[in-house]
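The values are calculated or read from the model by the stated rules, or taken from the named source; none is laboratory data. Since we're looking at a predicted model, the values are computed, not measured. Every residue, glycine as well, gets a Cβ built from its backbone with ideal geometry; the counts of neighbours run over all protein chains shown. Ligands, DNA and RNA are stripped out before the accessible areas are found, and what is left, the full protein with its side chains, is counted by its heavy atoms. Shrake-Rupley method; radii C 1.70, N 1.55, O 1.52, S 1.80 Å.
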Amino acid sequence: PIGVMLLIGTVSSIFLPRAIARFGYRRPFYFGALMGSIGAGLSIVAAWYKQYWLIIVSSGFLGGQLPCTLYYRLVALQFSTQEFAPKAMAMVIAGGCFSSLLG
């Protein structure tokens, strides 16, 4: 599952900047969030029913979400001022850490 997640994430990271250039930031990030939600839901179902193949499919969805998650840092830097850039980066990273603890 980790290999599938990284493979899909690598392929998705090639197409993400092109999608952002064509559609803007909102649609690709919403699509990435949707893929992450589907992957998380499928992972729960796969763990509940002990289906290994479903874990592999769900990790593919999570891999599609991975480049969007990593791209948030760059967007935070792009839309912030020079003085606020370090704080914006820290807020994005702290939000990820807080959400992992909450989850």
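Observations, loosely collected:
- The range 1-102: relative contact order in percent, alpha carbon pairs under 8 Å with at least 6 residues between: 32
- FRET efficiency for GLN82 and SER13, using Cβ-Cβ distance with R0 set to 35 Å, rounded to 0.05: 0.80
- Computed from backbone phi, the HN-Hα couplings of the range 59-67 come to 5, x, 5, 5, x, x, 7, 4, x Hz, rounded to whole numbers (Karplus: 6.51 cos²θ - 1.76 cosθ + 1.60, θ = phi - 60°; Gly and Pro given as x).
- The chain: calculated mean residue ellipticity at 222 nm from DSSP helix runs of at least 4, using -39500 (n - 2.57): -31000 deg cm²/dmol
- Low-density loop cleavage sites - trypsin sites (Lys or Arg not before Pro) in the chain, where at most 14 other Cβ are within 10 Å (DSSP): LYS50
- Pair-distance distribution of the chain: all C-alpha pairs, bin width 10 Å, starting at 0; shares per bin in whole percent are 16, 38, 34, 11, 2, 0.
- With respect to the chain, whose longest principal axis is taken over its alpha-carbon atoms, helix 2-23 is tilted by about 40°.
- Solvent accessible area, Å² - LEU54, 1.4 Å probe, full protein context: 20
- Local electrostatic count, SER80, Cβ distance below 13 Å [Lys/Arg +1, Asp/Glu -1]: +1
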